[in-house]
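J.: Handing you a structure now.
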Amino acid sequence: MLRNTKDSYGLVARLLHWLMAILIIGLIIVGLIMTELPKGDLKSQIYQTHKAIGAIVLILLIFRLFWRLINPVPEPLSIDLRERLLARLMHLVLYALIFIQALSGIIMSQAHGYAVSVFGWFELPTLVNKSKDLAEAAEEVHEFVWIILTIGIILHVMAALKHHFIDKDRTLLRMIKGQ
Ligand code: HEM
Ligand code: HEM
């Protein structure tokens, strides 16, 4: 089934979850490596790819939030009310951090005067004009927020594994298989 129900994730939500997880983890690793490379063609090619994939993540995120809005959100399986609220809060925090990380990257690039092209297929609309101060502020955000995002992802994965191996419920399976 494409759509979610009150207790299962549909195919669209599951594909978006796993595709974005791979892209985001890849962006963090590549982001950290690329900044250490010596100046040259390879470095600028990797920067272009990082920016294009980052832009794709932002577009997917907007679609994912829209899809979440027009679908039921499966109820967390935990019985404990605090755990259920924490799970929901954590998901919203993850969405917010991905949004800030991607948007700060785009603002940083545009404020430096570089357009953001997605593999030459299309360019993102210009959100900000060239400004050294804004570029530096966005860079500081981009170089910091990924750390909080990484901590969030680690806690999120630990929670998923706790559900699977300790609580032995279907939280992880329903994100993999739907039911
Ligand atoms: C969720 C999406 C993204 C993630 C997880 C991510 C992650 C990262 C990380 C971990 C770094 C290294 C930071 C450091 O050296 O401290 C980085 C650097 C960078 N990212 Fe992203 N990024 C994302 C999206 C974007 C986007 C959309 C753009 C631009 C369109 C972008 C442009 C850059 C640039 C230009 C750098 C190098 C900054 C520098 O030279 O100091 N990123 N990114
Ligand atoms: C970059 C990495 C990841 C991000 C940003 C991420 C983000 C999210 C978000 C935002 C949700 C909530 C979906 C919704 O209801 O709107 C979610 C659900 C879920 N994620 Fe992840 N995730 C990541 C990686 C992983 C990994 C590696 C695992 C497995 C080990 C995992 C397991 C799950 C499970 C089981 C759920 C369903 C939770 C529930 O039913 O309450 N995630 N994830």
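J.: Among the numbered criteria (1) in contact (Cβ under 8 Å) with a residue 24 or more places away in the chain; (2) within 16 Å of ligand 2 (Cβ to nearest atom), which single criterion is violated by Val157?
T.: Unmet for Val157, out of (1) in contact (Cβ under 8 Å) with a residue 24 or more places away in the chain; (2) within 16 Å of ligand 2 (Cβ to nearest atom): (1).
J.: Residues Glu83, Glu75: which one is acidic (Asp, Glu) and within 9 Å of ligand 2 (Cβ to nearest atom)?
T.: Just a single option satisfies the conditions, and that option is Glu75.
J.: Mind listing whichever residues of the stretch 103-122 are outside any loop (DSSP other than H, G, I, E, B), touching a residue at least 24 places away in the same chain (Cβ under 8 Å) and either more than 19 Å from Leu61 (Cα to Cα) or not small (Gly, Ala, Ser) (or both)?
T.: Within the stretch 103-122, Leu103, Ile106, Ile107, Met108, Ser109, Ala111, Val118 qualify.
J.: What's the number of the only condition in (1) part of a helix (DSSP H, G or I); (2) in contact with a helix residue (DSSP H, G or I) (Cβ under 8 Å, 6 or more places away or on another chain) that Ile62 fails to meet?
T.: The one condition Ile62 does not meet is (2).
J.: On to the next question. What tally of residues in the stretch 50-65 results from selecting those that are in contact (Cβ under 8 Å) with a residue 60 or more places away in the chain and either more than 8 Å from ligand 1 (Cβ to nearest atom) or of a type in the set (Ser, Thr, Tyr) (or both)?
T.: The qualifying residues number 1.
J.: Here is a follow-up. What about Val145, is it within 26 Å of Trp18 (Cβ to Cβ), crowded, with 19+ Cβ neighbours inside 10 Å and in contact (Cβ under 8 Å) with a residue 60 or more places away in the chain?
T.: no
Results for (1) among the hydrophobic types (A, V, I, L, M, F, W, C); (2) surrounded by 14 or more Cβ atoms within 10 Å (Cβ to Cβ); (3) more than 18 Å from the chain's Cα centre (by Cα), shown as yes or no for each residue.
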{"site": "Phe63", "(1), (2), (3)": "yes, no, no"}
{"site": "Glu75", "(1), (2), (3)": "no, no, yes"}
{"site": "Glu83", "(1), (2), (3)": "no, yes, yes"}
{"site": "Leu89", "(1), (2), (3)": "yes, no, no"}
{"site": "His112", "(1), (2), (3)": "no, yes, yes"}
{"site": "Trp121", "(1), (2), (3)": "yes, no, yes"}
{"site": "Glu139", "(1), (2), (3)": "no, yes, no"}
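J.: Let me ask something else. Name the one entry in Leu134, Leu103 that is on the phi < 0 side of the Ramachandran plot, within 16 Å of ligand 2 (Cβ to nearest atom) and surrounded by 12 or more Cβ atoms within 10 Å (Cβ to Cβ).
T.: Leu103
J.: Moving to a separate point now. Can you pull out every residue in the stretch 21-41 that is without any contact (Cβ under 8 Å) to a residue 40 or more places away in the chain, under 18 Å from Val116 (Cα atoms) and either in contact with a Cys (Cβ under 7 Å, 6 or more places away or on another chain) or surrounded by 11 or more Cβ atoms within 10 Å (Cβ to Cβ) (or both)?
T.: Once the filter is applied, which keeps residues that are without any contact (Cβ under 8 Å) to a residue 40 or more places away in the chain, under 18 Å from Val116 (Cα atoms) and either in contact with a Cys (Cβ under 7 Å, 6 or more places away or on another chain) or surrounded by 11 or more Cβ atoms within 10 Å (Cβ to Cβ) (or both), the stretch 21-41 yields Leu23, Leu27, Val30, Met34, Thr35.
J.: Hey, could you check the stretch 22-49 for residues that are within 23 Å of Trp121 (Cα to Cα) and under 10 Å from the mean Cα position of the chain (by Cα) and say which is farthest from ligand 1 (Cβ to nearest atom)?
T.: Ile22
J.: Listed residues Ile29, Ile24; which is in contact with a Leu (Cβ under 9 Å, 6 or more places away or on another chain) and not in a loop (DSSP other than H, G, I, E, B)?
T.: That would be Ile24, the only listed residue that is in contact with a Leu (Cβ under 9 Å, 6 or more places away or on another chain) and not in a loop (DSSP other than H, G, I, E, B).
J.: Now a separate question. With respect to Ala138, is the statement that it is more than 27 Å from Ala13 (Cβ to Cβ), of a type in the set (Gly, Ala, Ser) and without any contact (Cβ under 8 Å) to a residue 60 or more places away in the chain true?
T.: In short, yes.
J.: Report the residue count in the stretch 88-102 for those that are under 17 Å from Phe144 (Cβ atoms), touching a residue at least 60 places away in the same chain (Cβ under 8 Å) and more than 8 Å from ligand 1 (Cβ to nearest atom).
T.: The qualifying residues number 1.
No value in this document is a laboratory result; all are computed from the given coordinates. In this text, all values refer to a predicted model and were calculated from it rather than measured experimentally. Heads up, the Cβs are rebuilt from the backbone with ideal geometry, glycines too, and the neighbour counts pull from every protein chain shown.
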